[in-house]
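Worksheet for the structure shown next.
The values are calculated or read from the model by the stated rules, or taken from the named source; none is laboratory data. Computed from a prediction, not measured in an experiment: that's the story for all the values here. Note: ideal-geometry Cβ built from the backbone for every residue, glycine included; neighbour counts use all protein chains shown. Please note that ligands, DNA and RNA were not included when accessible areas were found on the heavy atoms of the full protein model with its side chains. Shrake-Rupley method; radii C 1.70, N 1.55, O 1.52, S 1.80 Å.
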Amino acid sequence: MKTELETEILSVTTGENDEKKRLDSFCSESFELTRSGAVIQIEEGNITVNGKVESKNYRIKNGDIIEFEPPEPKSTEIIPEDIPLDIAYEDKHIIVVNKPQGMVVHPAYGNESGTLVNALLHYCGDSLSGINGVIRPGIVHRIDKDTSGLLIVAKTNDAHLGLAEQIKEHSFTRRYQAINVGYFKESTGTIDLPIGRHPVDRKKMAVTSQNSRNAVTHYKTIEELCGFSHMEFDLETGRTHQIRVHTAHMGHPILGDPVYSNTKKYSEKFHLQGQCLHAKFIEFVHPITNEVISLDSEIPEYMKDVIEKLRNN
């Protein structure tokens with residue numbers, strides 16, 4: 001069983017401005033690869049044009065569909081690493097961890113160690129769900145590298161299937177807190193706008209009607225802070241970068257977001273390493289016991305520090 005959150009293939013549709021570009025050059029720009037790295041991926045068949053493998057010299061045409069399936073790490077044996085875990089809940093079926101900012105969830109091309117999976121393998125040994133294979137044992141859902149907060153991991157396949165079904169049916173509560181630029185016009189509301197790959201900058205997602213999927217985010221203002229807002233967000237869907245994309249589209253990007261905001265001077269002022277976004281609360285039905293599990297976590301110290309400094313201004 002594969003859920004909508006497990007897709008790894010990156011897909012872009014070319015436009016008029018891309019015509020006659022070399023395939024290797026285009027892929028380097030679009031998929032965060034070096035030029036030589038793009039060539040390797042093309043030659044290994046991991047990049048296709050309209051479903052076919054082309055040469056690195058192929059010249060882009062308007063409307064081409066370029067797909068890149070990042071390869072798994074070369075080694076299928078992920079090395080357990082003794083990395084401390086902040087455990088919010090654990091039983092023999094599931095484990096919930098509070099992921100720190102800066103940690104990648106699972107090994108992928110370019111990030112083959114230091115991930116949450118490396119830490120979980122050291123802590124849990126063989127007691128992780130095998131549904132997603134050796135690279136993503138137990139991983140049911142994900143949060144971005146520079147987003148902190150609560151993440152559920154399945155120890156058994158039955159638990160994994162039950163959790164995946166709740167995510168699919170949108171019965172899985174995920175509540176975030178963030179610091180956003182500016183003040184929202186309404187103190188509470190819903191952003192219901194489709195999200196897909198950005199039509200120009202392929203490294204980003206965007207609100208778009210092209211090759212997109214529905215995305216719904218509910219929001220509430222907790223406190224207005226000297227030109228910024230301490231916000232709460234509830235996800236109804238789980239699209240890539242959903243909160244970051246939706247709030248940036250509304251003109252209120254998340255403070256410190258290196259992709260969707262232009263707040264570098266504030267990032268330097270507050271010594272931020274990424275976006276001020278934290279997965280604070282989750283609620284779900286235990287997939288085995290049917291008990292309702294509700295877990296809350298404190299926002300990280302760097303966010304507390306920003307809030308206090310803004311209050312003092």
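Tell me yes or no: at least one residue of region 9-28 is modelled with pLDDT under 85, of a type in the set (A, V, I, L, M), within 21 Å of the chain's Cα centre (by Cα) and more than 30 Å from Glu169 (Cα to Cα). No, region 9-28 contains no residue that is modelled with pLDDT under 85, of a type in the set (A, V, I, L, M), within 21 Å of the chain's Cα centre (by Cα) and more than 30 Å from Glu169 (Cα to Cα). Of the listed requirements (1) part of a loop (DSSP other than H, G, I, E, B); (2) in contact with a Gly (Cβ under 9 Å, 6 or more places away or on another chain), Val153 misses just one: (1).
Among the strands (runs of 3 or more DSSP E) lying completely within region 18-123, list those that include at least 2 residues that are surrounded by fewer than 20 Cβ atoms within 10 Å (Cβ to Cβ) and in contact with a Gly (Cβ under 7 Å, 6 or more places away or on another chain).
Here the list is empty.
Across region 260-303, the qualifying residues are those that are aromatic (Phe, Trp, Tyr) and in contact with a helix residue (DSSP H, G or I) (Cβ under 6 Å, 6 or more places away or on another chain), and the one among them that is farthest from Thr147 (Cα to Cα) is Phe284. Checked against (1) within 15 Å of the chain's Cα centre (by Cα); (2) on the phi > 0 side of the Ramachandran plot, Gly182 passes all but condition (1). Counting just the residues of region 127-152 that are at pLDDT 80 or above and β-branched (Val, Ile, Thr), which one comes out nearest to the chain's Cα centre (by Cα)? Once the filter is applied, the top-ranked residue is Ile143.
When you scan region 187-206, do you find a residue that is part of a loop (DSSP other than H, G, I, E, B) and closer than 25 Å to Glu308 by Cβ, even just one?
Yes, region 187-206 has at least one match.
Restricting attention to region 208-248, the residues being among the β-branched types (Val, Ile, Thr), more than 14 Å from Ser11 (Cα to Cα) and at pLDDT below 95 number 2.
Within region 190-222, take every residue that is open to solvent by 30 Å² or more (accessible area, probe 1.4 Å) and among the hydrophobic types (A, V, I, L, M, F, W, C) and give me the one that is farthest from Asp18 (Cα to Cα). Looking at the filtered set, the residue picked out is Ile222. If only one of Leu255, Leu235 is open to solvent by less than 20 Å² (accessible area, probe 1.4 Å) and in contact with a helix residue (DSSP H, G or I) (Cβ under 9 Å, 6 or more places away or on another chain), which one is it? The match here is Leu255.
Looking only at residues in region 142-162 that are open to solvent by less than 10 Å² (accessible area, probe 1.4 Å) and touching a helix residue (DSSP H, G or I) at 6+ places or on another chain (Cβ under 9 Å), which one is farthest from His241 (Cα to Cα)?
Let us first name the residues in region 142-162 that are open to solvent by less than 10 Å² (accessible area, probe 1.4 Å), namely 147-154, 159-160.
Going one step further and asking which of them are touching a helix residue (DSSP H, G or I) at 6+ places or on another chain (Cβ under 9 Å), we end up with 147-148, 151-154.
Values: Thr147: 10, Ser148: 13, Leu151: 16, Ile152: 18, Val153: 20, Ala154: 23 Å.
Among those residues, the one meeting the criterion is Ala154.
Filtered by the rule that a residue be more than 18 Å from the chain's Cα centre (by Cα) and not charged (D, E, K, R), region 166-179 gives Gln166, Ser171. So Ser171 ticks every box in (1) out of contact with any strand residue (DSSP E or B) (no Cβ under 9 Å at 6 or more places or on another chain); (2) open to solvent by 60 Å² or more (accessible area, probe 1.4 Å) but one. Which box is left unticked? That leaves (1) as the condition not met.
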